[in-house]
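Report on the following structure.
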Amino acid sequence: MIEIERYIKFITKHNITQSQFLFLYLLQRKRYDLMKDYKNAFPSEDGTVIGKHLRDDLLTRGFIIKLDEHETAASYQIGSAFKAIFIDKFEAAAELKELYPAFAVSDNKKFPLTLTDVYEIAPVYGERIGYEVAEHEEVKKDLLYGIEQGLVKCKLDKFVRSEFWIPLRKLRMGTAVEIIADENDM
């Protein structure tokens with residue numbers, strides 16, 4: 001789920017309405033069932049999901065592409081303008097796995113960290129970053145910082161599920177609160 005602050009910043013930055021965003025979001029995920037529910041609950045003047053004017057605006061700006069002459073949601077696909085903003089969850093998870101350290105070493109033993117199926121973590125990762133390209137880029141910076149600092153020692157799936165990039169980002173940005181502890185305290 002998208003956080004309200006990021007959502008408002010997103011729609012204002014890209015000058016799209018809430019209904020346009022919802023249409024794009026559902027179209028990207030191919031949730032035609034939810035589009036139908038929305039259309040039934042909030043019918044547009046012309047009977048389309050969001051109305052011809054708002055749809056044409058998305059077409060003109062490259063957020064969507066028309067595939068055929070029918071007027072169904074399945075007649076459209078996400079355009080390059082929207083793809084530049086939202087990332088494919090499998091592509092993002094594969095990029096993260098590529099950057100992730102393959103092993104951790106402890107007591108001269110190597111332990112694998114990337115024995116994770118990308119297809120299993122992709123939906124989790126996609127949801128956690130709100131499918132946003134910008135957030136994915138920040139997570140990659142957080143990961144690289146964590147690797148450089150020797151802080152990434154957990155398996156990739158744990159990194160994703162725990163959203164470990166959040167404390168790494170705080171450290172990277174200098175906003176984390178740290179305490180002094182020795183190994184006996186941990």
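Please verify whether the range 128-150 includes one or more residues that are modelled with pLDDT of 95 or more, within 27 Å of K83 (Cβ to Cβ), crowded, with 19+ Cβ neighbours inside 10 Å and among the aromatic types (F, W, Y).
no
Out of I78, I121, report the one residue that is assigned by TED's automatic domain parsing to the domain that holds M35 and either farther than 30 Å from K66 by Cα or among the aliphatic types (A, V, I, L, M) (or both).
Being assigned by TED's automatic domain parsing to the domain that holds M35 and either farther than 30 Å from K66 by Cα or among the aliphatic types (A, V, I, L, M) (or both) holds for just one of I78, I121, which is I78.
Could you tell me which residue of the range 64-85 is modelled with the highest pLDDT, considering only residues that are polar (S, T, N, Q) and touching a helix residue (DSSP H, G or I) at 6+ places or on another chain (Cβ under 9 Å)?
So the residue we want is Q77.
Return the residues of the range 49-63 that are within 13 Å of L22 (Cβ to Cβ) and among the β-branched types (V, I, T); say none if nothing qualifies.
Within the range 49-63, V49, I50 qualify.
Just checking: which of the helices (runs of 4 or more DSSP H) contained wholly in the range 1-107 hold 3 or more residues that are among the β-branched types (V, I, T) and without any contact (Cβ under 8 Å) to a residue 40 or more places away in the chain?
Hits in the range 1-107: 4-13.
The values are calculated or read from the model by the stated rules, or taken from the named source; none is laboratory data. In this text the structure is predicted, and so the values were computed from the model without any measurement. As a convention, Cβ positions derive from the backbone with ideal geometry for all residues, glycine included, and neighbour counts pool all protein chains shown.
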